[in-house]
Amino acid sequence: MPEKAQAMNQKLTKTLEGMKASYPYYNPHYKNDLPDKEKVPTVLSHSQKGSIVECTYQENGARVLRANLLYTLNGGEPAEEWFRTPAKLLPGSKLSATLPKGTSHYVISLIDENNFLVSYPEINKPTNNKPTSLKALRVTKKKTKSQ
């Protein structure tokens with residue numbers, strides 16, 4: 001039977017890779033112990049200037065391998081739809097991402113070498129039928145001279 005399980009696992013892995021699916025991440029807010037949970041990165045600050053979002057983070061023992069910008073075009077709607085786009089890791093524990101046109105709300109996610117996902121702002125509990133955008137960052141619009 002272990003051979004059958006291994007064959008099924010290989011088939012599933014091949015299918016997921018073909019779909020470019022992402023695998024689940026560890027939750028640093030999980031109440032019980034997890035190896036390397038204390039090493040997750042911390043977001044120190046973020047800023048938005050026009051369509052550019054920048055973020056500074058601190059590594060606490062685990063290297064940040066990648067980051068994403070999660071965004072919605074319809075924040076506050078009953079059926080929000082969220083999308084993911086890669087953020088660019090920069091020297092000095094910084095990252096940068098471009099907000100797609102029409103973005104209303106966004107979240108930054110960091111994935112470390114131990115496969116933990118850290119979101120900023122923290123969205124560590126279900127939103128219980130409320131829009132996720134209530135916990136996300138709201139896009140600030142650049143004021144024009146007439147405002």
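Remarks
- One residue stands out among those in segment 37-62 that are within 24 Å of PRO91 (Cβ to Cβ) and charged (D, E, K, R): the one that is farthest from the chain's Cα centre (by Cα), which is LYS49.
- Checked against the criterion of being touching a Leu at 6+ places or on another chain (Cβ under 8 Å), among the basic types (Lys, Arg) and surrounded by fewer than 19 Cβ atoms within 10 Å (Cβ to Cβ), the candidates ARG63, ARG84 yield just one match: ARG84.
- Residue within segment 26-44 that is of a type in the set (Lys, Arg), assigned to a loop (DSSP other than H, G, I, E, B) and closer than 29 Å to ASN128 by Cβ present: yes
- Checking each residue in segment 14-25 for being part of a loop (DSSP other than H, G, I, E, B) and among the polar types (S, T, N, Q) picks out only SER22.
- Pick from segment 117-142, criterion assigned to a loop (DSSP other than H, G, I, E, B) and modelled with pLDDT of 85 or more, ranking: surrounded by the fewest Cβ atoms within 10 Å (Cβ to Cβ): THR140
- Residue within segment 96-110 that is outside any strand (DSSP E or B), at pLDDT 95 or above and within 17 Å of TYR26 (Cβ to Cβ) present: no
The values are calculated or read from the model by the stated rules, or taken from the named source; none is laboratory data. Treat the numbers as computed from the prediction; the structure is a model and nothing was measured. Here the Cβ is made from the backbone with ideal geometry for all residues, glycine too, and neighbour counts use every protein chain on show.
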